[in-house]
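Below is one structure, written out as structure tokens, with a few remarks after it.
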């Protein structure tokens, strides 16, 4: 069986040879079949830059989604991926808790966010108040047409699918939450930028009266019967620039059993 990286390399060579950096799901399926890769729907989902094949690293390209089954290679990996900032010692906390039956059951994104919420970690981090009672809106998918810049390029995405793991609303502040396993070095910015842009558009259209829109990344590493969670709160300096992510705060929580 072939790998995702082999399929991406073939797609890149195809686009480079034709002088057209845009490609479709049909082309993804063709090269997936050629490489005997069984999941073509996963090819263009690259959560962190370490998954990019060496050819794209050497040429400094990454993939963006344009909606309606279209994708594009864009120059400048540093524009599409944001490095997680180092968490300092004074931002690290031991968090005592009583482990429930399901805390360590699986590694799903849903489970990660459930642990962060059930243990009131996300409340402490975002609101500095473990008894805060934000409105909770669970995972959903939506579609929107977005126009924004990456470096010197302006891209238009039509009916692009936006996946949101969790949304919180508290006193007019909407926070989009993304959960992931492990502690990768960086993340694909579109995962939080697309939801941020979507809610910003709703605000401009006077469909939602929000004071502020932020995003929150929750990472979990499991080991020796306990979890460590890292949380990062971001906003965007410019709603039209993918690379304008700005860190608001960060923290690490070491879960200690009582």
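The values are calculated or read from the model by the stated rules, or taken from the named source; none is laboratory data. Source: prediction; values computed, not measured. Positions of Cβ are generated from backbone atoms using ideal geometry, with glycine treated the same way; all protein chains shown enter the neighbour counts.
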Checked the range 115-158 for anything surrounded by fewer than 18 Cβ atoms within 10 Å (Cβ to Cβ), more than 18 Å from the chain's Cα centre (by Cα) and in a loop (DSSP other than H, G, I, E, B); matches are 120, 128, 129, 130, 131, 132, 133, 151, 152
Filtering the range 221-240 down to residues that are within 25 Å of residue 77 (Cβ to Cβ) and touching a helix residue (DSSP H, G or I) at 6+ places or on another chain (Cβ under 9 Å) yields 231, 233, 234, 235, 236, 239, 240
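Where in the range 26-106 are the strands (runs of 3 or more DSSP E), entirely inside, with at least 3 residues that are within 20 Å of residue 159 (Cα to Cα) and touching a residue at least 60 places away in the same chain (Cβ under 8 Å)?
Details: elements: 61-67, 70-75, 81-83, 92-97.
Qualifying strands (runs of 3 or more DSSP E): 61-67, 70-75.
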Name the single residue, out of those in the range 235-258 being assigned to a strand (DSSP E or B) and free of Cβ contacts under 8 Å to residues at least 60 places away in the same chain, that is farthest from residue 93 (Cα to Cα).
236
Among the listed residues 44, 92, 3, which satisfies the condition of being loosely packed, with under 15 Cβ neighbours inside 10 Å and farther than 27 Å from residue 251 by Cα?
3
Test set (1) at pLDDT below 95; (2) touching a strand residue (DSSP E or B) at 6+ places or on another chain (Cβ under 7 Å) - residue 41 fails condition number:
(2)
